[in-house]
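The structure appears below as structure tokens.
Just so it is clear, none of the values below were taken in a lab; they were calculated from the coordinates. It should be emphasised that the depicted structure is a prediction, and the values quoted were computed from it without experimental measurement. Because the Cβ atoms are built from the backbone with ideal geometry, glycine has one as well, and the counts that use them run over all protein chains shown.
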Amino acid sequence: MLELIGNDGPALHSAREAGPRAAASLASMVGTLFGPVTGAAASGYCGPERRRSASLAQRCMGHMLDEVDYGMLLLAQDGHLLHANKAARRDLDAQHPLQLLGRELRPRLDADGVALREAVGQAARRGLRRLLKLGDAAQRCSVAVVPLGLGGASGEQAVLLMLGKRSMCEELSVEGFARSHGLTLAETQVLKGLCGGLPPQDIAGRNGVALSTVRTQIGSIRAKTGAGSIRALVQMVAQLPPMVGMLQAGGQALAS
């Protein structure tokens, strides 16, 4: 099972104290939505829900969550992992304030561990929602803690952690947008810079071209996309539906 622990070591909740029946019961209910659970819970539960092949709707639910461009971690009230979508597995890298160590979700900072344990506990026990800011100034990240009452005779609760984006526009989404509007490679690099918050002069320095060249490229990008301003252009990219999963799978960019 996965336990939420701080750097000082104590677990948020011990699954051994909660007992295997509670974990199995909650895993069973989650299985009706997602099919067989993943992660630590999967290794300890061998009931009929695990042995029965998932329905089409169950399999599609897991794939649907993988297409959402926000990291989502589903935890039981004792802290062990029930499901993590593709974006969550991607986001929990060496720079993220949270890290997966085997079966443990560990905040890198002690102060974050205290805040996260409190938020998850209140979500499970009292149904309270929280928005946390984790990490230091260089690697700051928002995490929404959302209670999920799954019902059932024993009143099991689950907690959803939604990871905030660390950049306004994902690079693959920018590339998909650029391809769908026929931007050149140079224009795509300019668009990436604009979506990253860089002013034209910094983009010119990074790309090794004159500022006038970048301004011409911005004008061409706006003409091809119909954006009335740089701000409107960045907003168009930021408002795209999730495209990362499709592009990583080698799919074609969406047409405009």
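Structural remarks
- Computed over segment 171-248, the P(r) curve from all C-alpha pair distances, binned at 5 Å from the origin, holds 3, 17, 30, 26, 16, 6, 2, 0 percent per bin.
- Cα convex hull volume per residue for segment 71-146 (Å³): 84
- Rounded to 0.05, the FRET efficiency of the GLU171 and ARG125 pair, given R0 = 35 Å and the Cβ-Cβ distance, is 0.30.
- Which of MET64, MET72 has the fewest Cβ neighbours within 10 Å, and the rest in rising order: MET64, MET72
- All lysines inside 24 Å of LYS133 as judged from Cα atoms, apart from same-chain residues fewer than 8 positions distant: LYS86, LYS165
- A Förster radius of 35 Å, combined with the Cβ-Cβ distance separating GLU67 from SER212, puts the computed FRET efficiency at roughly 0.30.
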